[in-house]
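**Student:** To start, I am sharing the structure in question, which I have written as structure tokens.
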Amino acid sequence: MYNDNERERTMALRAALLEKGVHTHEQMEEMENSFDAWGPHNGAAVIAKAWVDPEYKQALLADAKAATEHYSAISPFDWDLVALENTDTVHNVLVCSLCSCTYKPLIGQPPFWYKSLEYRARLVRDPRGVLAEMGLDVPREKEIKVWDITAETGYLVIPQRPAGTEGWTETELAAIVTKKCLIGAAVPQVGGAAGQSSNNAQSVEA
Amino acid sequence: MSGVHDLGGKPGFGSIPMVDDDREYKERWEFVLMGMTRSAYATGPYRADSLRYVIERIEPSYYLTAPYYGRMLLGAAYSYIEAGALTFEDLQRHTPENVTWPRVSPPLPAHTGHPDNGDPNRFAVGDRVTVRNDFPEGRHVRAPGYVRGRTGKLIRKGHMIPFPGQACFRDPAPRERTWLVQFERADLWPDSPERGAITVDLWDSYLLPAA
């Protein structure tokens with residue numbers, strides 16, 4: 001009964017806000033147009049830099065918020081950020097079991113699977129099963145650490161740099177770090193279908 | 001007991017949907033909506049906690065079947081109304097006649113933390129803490145049900161941010177220390193074959209020194 005008229009209700013809310021002068025056209029359009037500046041391409045650039053520059057990686061692990069300040073300055077949120085390093089013995093994966101939190105300046109608006117009731121319910125209890133279902137088989141010897149985002153501290157997973165990327169430029173490296181990799185639901189693949197899905201705000205159906 | 005939104009560990013959920021699709025928006029109204037909420041955060045009618053608390057008050061039958069941005073839309077609309085920036089009549093006036101807005105249950109009084117952030121030195125990294133299990137029902141509490149009453153270890157001092165049970169009412173809420181608390185899955189779900197750590201960030205008021 002309500003599930004097919006969200007568009008009409010969104011436009012009604014927008015019209016009411018404009019009429020009451022709560023927001024201006026310009027404000028809302030500026031926010032909409034800024035969406036493509038937030039996204040996994042930022043997180044991927046941070047990871048690529050951390051892979052080629054050990055000092056930067058240490059800075060990122062010590063104070064991720066300061067090390068990525070350039071990207072979060074555009075955000076109206078005041079979140080903290082912690083970088084989590086995947087190793088031979090630990091794989092990190094993120095969830096927001098209570099709503100849909102992610103560190104948007106670096107990861108973007110979360111994808112639909114991340115916001116699904118199923119992912120939110122199941123990941124904390126059975127991360128290995130959920131990741132396997134999503135196509136990521138984490139070896140038994142690796143502990144899977146789950147990070148449930150509840151108090152506006154976001155996380156950025158630093159994947160392990162895959163073999164076969166020796167001598168790659170930062171741009172080439174960033175291209176294999178997808179949104180799923182930044183969340184810990186995938187690991188970077190060499191020679192796989194690369195390609196970064198971004199906010200795609202400007203490319204959706206009107 | 002907490003609300004329908006508190007999903008962590010709940011049994012019965014099936015396959016993860018849309019696994020191969022990392023897109024964030026499918027239709028334009030979805031990011032028009034997010035443009036509104038971000039304008040609100042930037043200019044101050046309400047904070048993310050207001051929006052979250054409205055969503056927690058959506059009736060379960062709608063919560064469990066609505067699309068994600070359908071829940072966000074109610075969160076935004078009623079946040080403006082409860083902040084006094086709009087009335088429901090304003091909204092109705094712009095809504096086509098054959099379209100109905102789902103209602104949400106009214107807010108309950110604020111859930112307050114320590115009046116003065118308590119004793120700032122009462123915990124340190126490495127301490128074992130137990131999450132309270134006596135939160136009042138229907139308030140905005142950001143402690144997932146699966147860690148309530150459970151014991152974990154403080155692994156990192158988090159930032160100081162407005163206390164959610166008060167921040168959801170837009171009044172300037174006192175800031176309180178958050179902590180990253182690490183739990184072992186074996187302590188949360190003893191029957192689970194999977195081991196490993198789960199970390200949740202929690203406000204100081206939510207925690208008690210472990211017995």
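The values are calculated or read from the model by the stated rules, or taken from the named source; none is laboratory data. Keep in mind that what you see is a predicted model, and the values were worked out from it rather than measured. Quick reminder, even Gly has a Cβ in these numbers, built from the backbone with ideal geometry, and neighbours come from all protein chains shown. Areas reflect the complete protein model, heavy atoms only, side chains present, ligands, DNA and RNA absent. Shrake-Rupley method; radii C 1.70, N 1.55, O 1.52, S 1.80 Å.
**Student:** Cβ-Cβ distance below 7 Å, separation of 6 or more or different chains: which pairs start in the stretch A:92-121 with a residue that is without any contact (Cβ under 8 Å) to a residue 12 or more places away in the chain and surrounded by fewer than 24 Cβ atoms within 10 Å (Cβ to Cβ) and end on one that is hydroxyl-bearing (Ser, Thr, Tyr) and not in a loop (DSSP other than H, G, I, E, B)?
**Tutor:** A:Phe112/B:Tyr68
**Student:** Let me confirm something: among A:Thr169, A:Thr165, A:Thr178, which residue is without any contact (Cβ under 8 Å) to a residue 24 or more places away in the chain and over 30 Å from B:Arg139 (Cβ atoms)? Full working, then the answer.
**Tutor:** Values: A:Thr165 fails: without any contact (Cβ under 8 Å) to a residue 24 or more places away in the chain; A:Thr178 fails: without any contact (Cβ under 8 Å) to a residue 24 or more places away in the chain.
Answer to the check: A:Thr169.
**Student:** What residue, among those in the stretch A:79-121 that are basic (Lys, Arg) and farther than 19 Å from B:Ala197 by Cβ, is farthest from the other protein chains (Cβ to nearest Cβ)? First the steps, then the outcome.
**Tutor:** Restricting attention to the stretch A:79-121, the residues satisfying the condition of being basic (Lys, Arg) are A:104, A:115, A:120.
When the remaining residues are screened for being farther than 19 Å from B:Ala197 by Cβ, the result is A:104, A:115.
Numbers: A:Lys104: 9, A:Lys115: 5 Å.
Per the criteria, the residue is A:Lys104.
**Student:** Right, another one. Just give me the residues in the stretch A:145-168 being more than 10 Å from chain B (Cβ to nearest Cβ), buried (at least 17 other Cβ atoms within 10 Å of the Cβ) and either over 14 Å from the mean Cα position of the chain (by Cα) or part of a loop (DSSP other than H, G, I, E, B) (or both), in sequence order.
**Tutor:** A:Pro159, A:Arg161, A:Trp168
**Student:** Determine, yes or no, whether B:Tyr63 is more than 7 Å from chain A (Cβ to nearest Cβ), touching a residue at least 24 places away in the same chain (Cβ under 8 Å) and surrounded by fewer than 22 Cβ atoms within 10 Å (Cβ to Cβ). It would help to see each step written out before you state the result.
**Tutor:** Numbers: more than 7 Å from chain A (Cβ to nearest Cβ): yes; touching a residue at least 24 places away in the same chain (Cβ under 8 Å): yes; surrounded by fewer than 22 Cβ atoms within 10 Å (Cβ to Cβ): yes.
Yes: the conditions hold for B:Tyr63.
**Student:** Please verify whether the stretch B:175-187 includes one or more residues that are out of contact with any helix residue (DSSP H, G or I) (no Cβ under 6 Å at 6 or more places or on another chain), in contact (Cβ under 8 Å) with a residue 12 or more places away in the chain, over 19 Å from B:Lys10 (Cα atoms) and assigned to a loop (DSSP other than H, G, I, E, B).
**Tutor:** No: zero hits.
**Student:** Here's another thing I want to ask about it. Residues that are under 14 Å from A:Asp4 (Cβ atoms): find the helices (runs of 4 or more DSSP H) completely inside the stretch B:55-106 holding 1 or more of those. Full working, then the answer.
**Tutor:** Working: elements: B:60-63, B:68-82, B:88-94.
Correct list: B:60-63, B:68-82.
**Student:** Restricting to the stretch B:149-170, name every residue that is in contact (Cβ under 8 Å) with a residue 60 or more places away in the chain and open to solvent by 30 Å² or more (accessible area, probe 1.4 Å).
**Tutor:** First pass over the stretch B:149-170, keeping only residues in contact (Cβ under 8 Å) with a residue 60 or more places away in the chain: B:162, B:164, B:167-170.
Of everything in the stretch B:149-170, those that are in contact (Cβ under 8 Å) with a residue 60 or more places away in the chain and open to solvent by 30 Å² or more (accessible area, probe 1.4 Å) turn out to be B:Phe169, B:Arg170.
**Student:** Restricting the first residue to the stretch A:22-33 and requiring it to be within 7 Å of chain B (Cβ to nearest Cβ), which pairs with a second residue that is buried (at least 18 other Cβ atoms within 10 Å of the Cβ) and not in a helix (DSSP H, G or I) meet a Cβ separation below 7 Å and a spacing of at least six or different chains?
**Tutor:** A:Val22/B:Pro45; A:Val22/B:Ala85; A:Val22/B:Leu86
**Student:** In the stretch B:138-148, which residue that is among the basic types (Lys, Arg) and touching a helix residue (DSSP H, G or I) at 6+ places or on another chain (Cβ under 8 Å) is surrounded by the most Cβ atoms within 10 Å (Cβ to Cβ)? Write out each step before concluding.
**Tutor:** Our first condition is that a residue be among the basic types (Lys, Arg); within the stretch B:138-148, this holds for B:139, B:142, B:148.
Next, only the ones that are touching a helix residue (DSSP H, G or I) at 6+ places or on another chain (Cβ under 8 Å) stay: B:139, B:142.
Working: B:Arg139: 20, B:Arg142: 24.
That would be B:Arg142.
**Student:** Next question. Could you identify the single residue in A:Val177, A:Val124 that is open to solvent by less than 20 Å² (accessible area, probe 1.4 Å), within 19 Å of A:Cys96 (Cα to Cα) and either within 14 Å of another protein chain (Cβ to nearest Cβ) or at pLDDT below 95 (or both)? Before the answer, list the steps.
**Tutor:** Values: A:Val177 fails: within 19 Å of A:Cys96 (Cα to Cα).
When all the criteria are applied, what remains is A:Val124.
**Student:** Checking the structure you have, find out if any residue of the stretch B:187-197 is more than 8 Å from chain A (Cβ to nearest Cβ), crowded, with 18+ Cβ neighbours inside 10 Å and of a type in the set (Gly, Ala, Ser).
**Tutor:** So far as the stretch B:187-197 goes, no, none of its residues is more than 8 Å from chain A (Cβ to nearest Cβ), crowded, with 18+ Cβ neighbours inside 10 Å and of a type in the set (Gly, Ala, Ser).
**Student:** Kindly indicate the residue of the stretch A:128-143 that is under 18 Å from the mean Cα position of the chain (by Cα) and under 16 Å from A:Val90 (Cα atoms) and also least open to solvent (accessible area, probe 1.4 Å) among those meeting that condition.
**Tutor:** A:Leu131
**Student:** I've got another one for you. So A:Tyr56 fits all but one of (1) without any contact (Cβ under 8 Å) to a residue 12 or more places away in the chain; (2) at the interface with chain B (Cβ under 8 Å from one of its Cβ atoms); (3) open to solvent by less than 50 Å² (accessible area, probe 1.4 Å); what number is the exception?
**Tutor:** The failed condition is (2).
**Student:** A further question follows. I need the full set of residues from the stretch B:1-53 which are open to solvent by 30 Å² or more (accessible area, probe 1.4 Å), over 27 Å from B:Ala173 (Cα atoms) and not in a loop (DSSP other than H, G, I, E, B), in order please.
**Tutor:** Selection gives B:Glu27, B:Arg28.
**Student:** So if I check each of B:Asp171, B:Asp201, which one is among the acidic types (Asp, Glu), at pLDDT 95 or above and either on the phi < 0 side of the Ramachandran plot or in contact with a Lys or Arg (Cβ under 6 Å, 6 or more places away or on another chain) (or both)?
**Tutor:** Values: B:Asp171 fails: at pLDDT 95 or above.
Answer to the check: B:Asp201.
**Student:** Kindly indicate which of B:Pro102, B:Pro115, B:Pro120, B:Pro109 is at pLDDT 90 or above, surrounded by fewer than 16 Cβ atoms within 10 Å (Cβ to Cβ) and not hydroxyl-bearing (Ser, Thr, Tyr). Don't jump to the end; show me each part of the working.
**Tutor:** Details: B:Pro102 fails: surrounded by fewer than 16 Cβ atoms within 10 Å (Cβ to Cβ); B:Pro115 fails: at pLDDT 90 or above; B:Pro120 fails: at pLDDT 90 or above.
Result: B:Pro109 is the single residue among B:Pro102, B:Pro115, B:Pro120, B:Pro109 that is at pLDDT 90 or above, surrounded by fewer than 16 Cβ atoms within 10 Å (Cβ to Cβ) and not hydroxyl-bearing (Ser, Thr, Tyr).
**Student:** Failed condition for B:Glu82, given (1) more than 10 Å from every other protein chain (Cβ to nearest Cβ); (2) surrounded by 17 or more Cβ atoms within 10 Å (Cβ to Cβ); (3) modelled with pLDDT under 90, with all others met?
**Tutor:** Single failed check for B:Glu82: (3).
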